[in-house]
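To start, the structure itself, in structure tokens.
Every number in this text was worked out from the coordinates using simple rules, so none of it is lab data. Since we're looking at a predicted model, the values are computed, not measured. Cβ sites come from the backbone with ideal geometry, for glycine too, and all protein chains shown count toward neighbours.
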Amino acid sequence: MTRILGIDVGGTFTDAVLLDGGRIFTAKVTTRRGRQEESVVAAAAALGIGGVDGLAIDRFSHGTTIATNALLERKGARTAFVATAGFEHLLHLRRQTRAHLYRLGDRHPEPLVPVERSFGVRERIGPEGVLEPLDLSTLPADLGGAEAVAVCLLFAFRDPAHEEAVAAALRERFPGVHVVASHEVAPEFREYERASTTASDAYLGPVSRRYLEALAARCAEAGLPEPLVMLSSGGVATVAQAAAHPALILVSGPAGGAVGAARVARLAGVETAIAFDMGGTSTDVCWISNGRADRSRERTVGGLPIRLPTVDIHTVGAGGGSIVWRDAGGAQRAGPQSAGAEPGPACYGRGGTEATVTDANLLLGRLPEELADGLKLDRAAAERAMAGIDPRDVIAVVNAEMLRALRVVSVEQGKDPRDAALVAFGGAGPLHACELADELGMTRVLVPQAAGVLSALGLVASEERRDHVRSYVMPLADAGELPREGEADLRYKGQSFELTVPLSAPDLADGFHQAHEERYGYCDRARAIELVAIRTAEITPGPELQLTADHGRIEAVGPLRVELPGATCWVPAGWAGATDEHGTLVLERKEPLP
């Protein structure tokens, strides 16, 4: 493949990257709310792609926030829930843990399905087989006007026969209603998490399908190939696969950034790194080991557990547009409220009056008065907004917030950040990276040439991927022969939660003992191990990135501001480096910290 397109649609901007023979071309357009497919076509057109006379491309990948926004804003379909009789209220009972350990008045978010649309069907399957035959006559005759139905029966992860029959009956009785069965999307034990994932998938189905079908049709009209869609797990799938189970694309955009950071790190000869993506509103961080972004089995989105493979990203509400304020105790704070792009920080000159992190960076000389995209920054407006506020205090506060996120994916997981490089991207990431690296004892920072649009570059490089899980919940010694590729979820007998160990380990039990000791500081080699699940994936590798430096060699010795395409990097005193043959600015601490 010689010409590959990646387009990432965010809430404010749509980023496009064209990789053509190793050279990168980028574009950024404003996202059209409610018509994201038009933003995709506009971004492609900005690169001269599509239309009668436009460039033809070999591959097109797309990242979207459509499912995430629909879940967070509660704008999905009217959904019903069908469970084993007696378990109709599963989504409301949850785990019966507090919403917050110490704030007793905090409430859990409302379930996606109200009690009046939660139904039971008479049947019962246990771990050893059928306990009560399925009675389809007990299915509801009226779904309360639901557009979608989630079906989650007991032990369907082990035997889906009853669930298959219920789903088939509902599709026959209610044509046009979107029906999702738990074994189709999350065939794992843990009843509440499986039900929550299935309900979310059904809830998102109609709205995501409408968008993805509109996108495919609009791309065809514009002379673009049908896109592959970024999955939360870090791979891409077809439009049809993503539309069938939109819960798989809940972390579509940030996953692209983590994949892009991993590829850039590998090109620089770095296998262990932390992806650090600081945008205008939030910051996403992810640990990278052996050249790949770490993955997790479960993620909480909008307060709801989604038990699906996902790139293990931790997000905090800190970005360049984060608004500066003081709390009740008079302490300086920044975020999570953001000025966004409209009106944006005060220095944008678009009517914003509140002080932001971007204004602080401008007053400290870390930003030029005209950005690479031609936007002229208004220093006087920044000074008015920041009156009485020390910009250095603002940087210290926002750095502390992002430092907590970096520690979550490193030291809190038993990983030493001093062994890793920090890959900084997003519009604001390179401005803060070196100072954060100092706090963590890291000595190397990588700033990609495409730092401002790295999520779109990650789409270009993504593999095609389909994940599979098979639940066991049995002694490891009784599991028999296991595949050699993939991962195993293991735990000591009697434990509630498990650790994931590669199936390629020479001795699976020994690998678990080692993982347990690394995570918790001890292991018990005499204790029986339980196999919970096996996770495998069908993978078609993505294209290899062979990036070339388009802007000549850059050498930097701090303190210095370095202007890059789409981003600006601040190199503090004690740091120095230069761009490599791929255009990545490789910075290292050359002097010990004072």
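Some notes on this structure:
- Extreme residue, surrounded by the fewest Cβ atoms within 10 Å (Cβ to Cβ), among residues of the range 405-450 that are among the β-branched types (Val, Ile, Thr) and more than 17 Å from residue 262 (Cα to Cα): 411
- Residue within the range 306-320 that is among the hydroxyl-bearing types (Ser, Thr, Tyr), buried (at least 23 other Cβ atoms within 10 Å of the Cβ) and within 20 Å of residue 446 (Cα to Cα) present: no
- Annotation: residue 356 fulfils all but one of (1) crowded, with 23+ Cβ neighbours inside 10 Å; (2) closer than 22 Å to residue 408 by Cβ; (3) free of Cβ contacts under 8 Å to residues at least 40 places away in the same chain; the unmet one is (2).
- Tally, over the range 293-316, of residues that are touching a helix residue (DSSP H, G or I) at 6+ places or on another chain (Cβ under 8 Å) and free of Cβ contacts under 8 Å to residues at least 40 places away in the same chain: 0
- Annotation: residue 57 fulfils all but one of (1) over 19 Å from residue 564 (Cβ atoms); (2) out of contact with any strand residue (DSSP E or B) (no Cβ under 6 Å at 6 or more places or on another chain); the unmet one is (2).
Conditions tested, residue by residue: (1) buried (at least 24 other Cβ atoms within 10 Å of the Cβ); (2) of a type outside the set (Val, Ile, Thr); (3) over 23 Å from residue 311 (Cβ atoms); (4) in contact with a helix residue (DSSP H, G or I) (Cβ under 8 Å, 6 or more places away or on another chain).
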| residue | (1), (2), (3), (4) |
| --- | --- |
| 196 | yes, yes, no, yes |
| 203 | yes, yes, no, yes |
| 209 | no, yes, yes, yes |
| 213 | no, yes, yes, yes |
| 216 | no, yes, yes, yes |
| 225 | no, yes, yes, yes |
| 232 | yes, yes, no, yes |
| 237 | no, yes, no, yes |
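- Considered as a group, the residues in the range 224-279 that are touching a Pro at 6+ places or on another chain (Cβ under 8 Å) and assigned to a helix (DSSP H, G or I) include one that is farthest from residue 15 (Cα to Cα), and that residue is 239.
- If you go through the range 465-490 and keep only what is part of a strand (DSSP E or B) and surrounded by fewer than 18 Cβ atoms within 10 Å (Cβ to Cβ), you end up with 466, 468, 470, 473, 474, 475.
- Condition met for residue 171 (without any contact (Cβ under 8 Å) to a residue 40 or more places away in the chain, in a helix (DSSP H, G or I) and touching a strand residue (DSSP E or B) at 6+ places or on another chain (Cβ under 9 Å)): yes
- Summed over the range 335-372, the residues that are closer than 24 Å to residue 562 by Cβ and part of a strand (DSSP E or B) give a count of 2.
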